[in-house]
Amino acid sequence: MQITLDKIGKKFNRRWIFKDINFTFEPRGTYAILGSNGSGKSTLLDILSAHNSATKGHIEFTIEGEKILKENVYKHLSLAAPYLDLPEELSYREILEFHSKFKEPLLKIEEIISLTGLNKDAEKQVRYFSSGMRQRVKLALAILFSSGMILLDEPTSHLDKKGIEWYKDILNKYRQDRLLILASNDPDEYEMCNTFLSIEDYK
């Protein structure tokens with residue numbers, strides 16, 4: 001997946017959050033969107049995932065030169081973000097099985113459960129999970145299922161030190177040359193990225 005931004009801008013209540021972003025996210029690249037809290041990192045990530053629209057400018061999604069319609073972009077990406085909720089009435093195993101109907105798992109369901117360290121909680125409804133456990137589930141759904149692009153917003157939210165090391169490990173092992181875009185202001189989260197876009201440069 002390649003994403004090309006042409007003078008992208010977003011305005012809320014007559015105030016520009018950012019404007020005139022010209023940038024290209026290349027296939028298999030590793031990118032970090034940087035900025036202080038409230039600067040617009042999550043908003044830009046929403047636009048990149050086609051869940052939100054820019055106020056001005058043009059965004060183009062392509063795969064090997066073929067344009068992808070905005071309404072079809074979701075088929076090619078995985079997203080984990082603090083504001084995305086999990087279906088709390090389902091168990092962890094049921095969530096994985098349901099998700100596998102839409103995206104191919106990179107491992108067997110049992111292996112994903114084991115890799116996340118939630119073996120004893122696989123049959124438990126997610127409503128009873130701690131915030132750290134929920135974050136592991138979100139990251140598993142984003143990283144351990146097939147997609148051309150991974151978008152992560154503050155990926156280590158609610159994770160302890162052990163959880164952060166787990167996140168880095170699975171991302172490094174299973175990113176598999178996909179386009180990776182992180183929104184973060186924590187260097188620990190984006191140390192694997194080699195290209196940076198600072199929202200502060202587009203105010």
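The values are calculated or read from the model by the stated rules, or taken from the named source; none is laboratory data. What you see is a predicted model; the values in this text were computed from it and never measured. Note: ideal-geometry Cβ built from the backbone for every residue, glycine included; neighbour counts use all protein chains shown.
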(message) Being assigned to a helix (DSSP H, G or I) and under 19 Å from S114 (Cβ atoms) is the filter here; which residues of the stretch 153-192 pass it?
(response) K162, G163, E165, W166, Y167, K168, D169, I170, L171, N172, K173, Y174
(request) Examine the stretch 155-162 for a residue that is in contact (Cβ under 8 Å) with a residue 12 or more places away in the chain, of a type in the set (V, I, T) and surrounded by fewer than 18 Cβ atoms within 10 Å (Cβ to Cβ), and state whether such a residue exists. (result) no
(message) I'd like the full set of residues that are assigned to a strand (DSSP E or B), under 20 Å from C193 (Cα atoms), touching a residue at least 60 places away in the same chain (Cβ under 8 Å) and of a type outside the set (F, W, Y), limited to the stretch 16-31.
(response) I21, T30
(message) Taking the criterion of being of a type outside the set (D, E, K, R), modelled with pLDDT of 95 or more and within 18 Å of L139 (Cα to Cα), would at least one residue in the stretch 55-69 satisfy it?
(response) no
(request) Kindly indicate the residue of the stretch 98-138 that is in a helix (DSSP H, G or I) and charged (D, E, K, R) and also nearest to K162 (Cα to Cα) among those meeting that condition. (result) R136
(request) Residue by residue through the stretch 100-127, note down the ones that are within 10 Å of L144 (Cα to Cα), surrounded by 14 or more Cβ atoms within 10 Å (Cβ to Cβ) and charged (D, E, K, R). (result) K103
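Being in contact with a Leu (Cβ under 8 Å, 6 or more places away or on another chain), surrounded by 15 or more Cβ atoms within 10 Å (Cβ to Cβ), outside any strand (DSSP E or B) and not charged (D, E, K, R) narrows it down to one residue among I95, I59, I150; which is it?
I95
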(message) When the residues of the stretch 1-15 are narrowed to those that are of a type in the set (A, V, I, L, M) and touching a residue at least 60 places away in the same chain (Cβ under 8 Å), which ends up farthest from Y202 (Cα to Cα)?
(response) M1
(request) Enumerate the pairs (first residue in the stretch 113-125 and among the hydroxyl-bearing types (S, T, Y); second residue anywhere and surrounded by 14 or more Cβ atoms within 10 Å (Cβ to Cβ) and assigned to a helix (DSSP H, G or I)) with beta-carbon separation below 6 Å, excluding pairs fewer than 6 apart on the same chain, so at least 6 apart or on different chains. (result) T116/R136; T116/A140
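Determine which member of the set Y167, Y190, Y202, Y174 is closer than 20 Å to T24 by Cβ, hydroxyl-bearing (S, T, Y) and under 16 Å from the mean Cα position of the chain (by Cα). Give the derivation first.
Working: Y167 fails: closer than 20 Å to T24 by Cβ; Y202 fails: under 16 Å from the mean Cα position of the chain (by Cα); Y174 fails: closer than 20 Å to T24 by Cβ.
Just a single option satisfies the conditions, and that option is Y190.
Could you identify the single residue in L34, L144 that is touching a residue at least 60 places away in the same chain (Cβ under 8 Å) and either closer than 27 Å to E165 by Cα or crowded, with 19+ Cβ neighbours inside 10 Å (or both)? Break it down into steps so the answer makes sense when it comes.
Values: L144 fails: touching a residue at least 60 places away in the same chain (Cβ under 8 Å).
Step by step, each of L34, L144 is checked, and only L34 is touching a residue at least 60 places away in the same chain (Cβ under 8 Å) and either closer than 27 Å to E165 by Cα or crowded, with 19+ Cβ neighbours inside 10 Å (or both).
Within the stretch 75-112, which residues are in contact with a His (Cβ under 9 Å, 6 or more places away or on another chain) and closer than 20 Å to E154 by Cα?
L79, P82, listed by residue number.
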